[in-house]
Amino acid sequence: MDMLPHAFSRAAAALTAACALLAAGPAVSGAVEITSAGPLTAVIAGEQLGCQVAHRNDSALELYPSSARPGDCGTFVVVGADLYAPVVSGAASAIGARTAWTPVSQTPVTGSGSSGSPFRVTTVAAAGATGLRASQVDSYIIGQESYRTDVTLQNTSGAALSGVIYRAGDCYLQSSDTGFGFANGTGAVGCSLTANNSPADRIEEWFPITGGNQYMQAAFSQVWAHIGTHTPFPNTTRAAERLDNGAGISWTYTLAPGASATFSHYTTFSPTGVSGPPPTNPASTTPTGAFGPNGVVETPSNRRCISRRYFRIRVPKRYWPNTVGVTVRMPKTTRVLRRPPWGTIVDLRGLPKGSFKVRITALLITGRTITGTRTYRTCRGKLTGGRPKL
């Protein structure tokens with residue numbers, strides 16, 4: 001049975017939310033933002049282990065509530081009989097009783113955003129007087145559609161502690177509050193624009209680095225309600241149903257006195273449905289020139305004259321996260337491309353037999369500009385008529 005969508009649950013849960021907030025403790029008073037050229041232009045780490053993300057292609061933030069910093073997203077940990085959680089909105093009231101994390105410390109952003117020196121924020125919070133402390137590192141490399149979270153749980157008490165750690169969020173799928181879901185057999189799970197992300201399209205995904213996790217995708221309130229049961233996620237999705245949904249992953253832990261354990265994952269936001277961890281080879285997502293095998297655009301060969309006067313050029317999908325804008329200057333017009341899908345049509349119909357230049361200027365998120373010119377020779381005189389098939 002589905003829970004109520006956001007539009008109704010906010011009102012229906014008002015009294016419950018008010019009671020829960022009293023139990024949760026003080027409201028969020030701070031957060032640190034990793035800001036960059038993106039494509040994740042802001043990775044927001046709350047001092048009570050909440051999270052939020054901004055994507056370069058979207059006007060709204062990526063987790064519900066879409067204007068809250070942080071949103072209904074973050075690190076939830078069961079210690080004994082109690083649940084410790086970020087402060088969330090009334091739409092997450094299905095979690096039930098929880099206690100807010102006690103902020104301990106939070107660093108400013110460090111690093112340069114490169115693969116060798118990622119941006120990093122370290123947030124430390126305590127689970128009340130239980131003796132459990134969470135030290136969370138959120139890191140981001142410019143050009144990637146994923147950011148990494150490493151949560152280290154440390155038992156500072158004199159007794160063993162055990163429970164469940166969840167990383168979960170209420171999807172606001174790149175400016176849409178409804179979607180489908182998917183799981184890819186690796187323990188990863190996400191919200192998607194298409195059922196099972198097939199064909200690949202917009203996604204938000206939790207991809208584990210630490211093994212042994214379990215996952216869940218369902219109506220957002222069902223995800224929160226399951227966290228409220230204090231049990232691991234059930235390895236289920238409702239992938240074929242369009243829902244106002246959420247998703248997350250979980251691990252169980254047992255810590256002896258003085259022991260610690262780290263749980264890591266990527267959170268991915270891809271407008272093209274690219275699932276999984278970010279590429280390990282930065283060169284694979286960075287063009288080396290305007291044309292050719294590693295060029296920023298794919299175009300027909302110009303080694304011979306062309307009889308077709310109407311053809312497509314485009315930026316390969318692997319370069320989309322690194323591309324800010326592309327200008328294509330053609331004999332008859334100029335096109336400025338500002339967002340995916342990065343492609344346009346070159347139309348040489350109506351021109352006489354001869355040589356014609358196509359000029360490309362691409363701006364990458366690193367600030368680098370790639371320019372190039374390709375000359376095409378037409379085989380015959382003027383060609384006119386309707387639009388040919390591509």
_Number of positions in segment 165-188 that are of a type in the set (Val, Ile, Thr) and either out of contact with any Leu (no Cβ under 9 Å at 6 or more places or on another chain) or outside any strand (DSSP E or B) (or both)_ = 2
*Hey, can you tell me all the residues within segment 34-58 that are assigned to a loop (DSSP other than H, G, I, E, B), buried (at least 20 other Cβ atoms within 10 Å of the Cβ) and either of a type in the set (Phe, Trp, Tyr) or under 13 Å from the mean Cα position of the chain (by Cα) (or both)?*
GLY38, PRO39, ASP58
*Could you pull out the residue among THR231, THR252 that is modelled with pLDDT of 95 or more and part of a strand (DSSP E or B)?*
THR252
*asked:* Just to confirm my filter: which strands (runs of 3 or more DSSP E) fall fully inside segment 277-390 and include at least 2 residues that are modelled with pLDDT under 85 and under 17 Å from PRO39 (Cα atoms)?
replied: 323-329, 355-364
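The values are calculated or read from the model by the stated rules, or taken from the named source; none is laboratory data. Being a predicted model, the structure only gives us computed values, none of them experimental. Quick reminder, even Gly has a Cβ in these numbers, built from the backbone with ideal geometry, and neighbours come from all protein chains shown.
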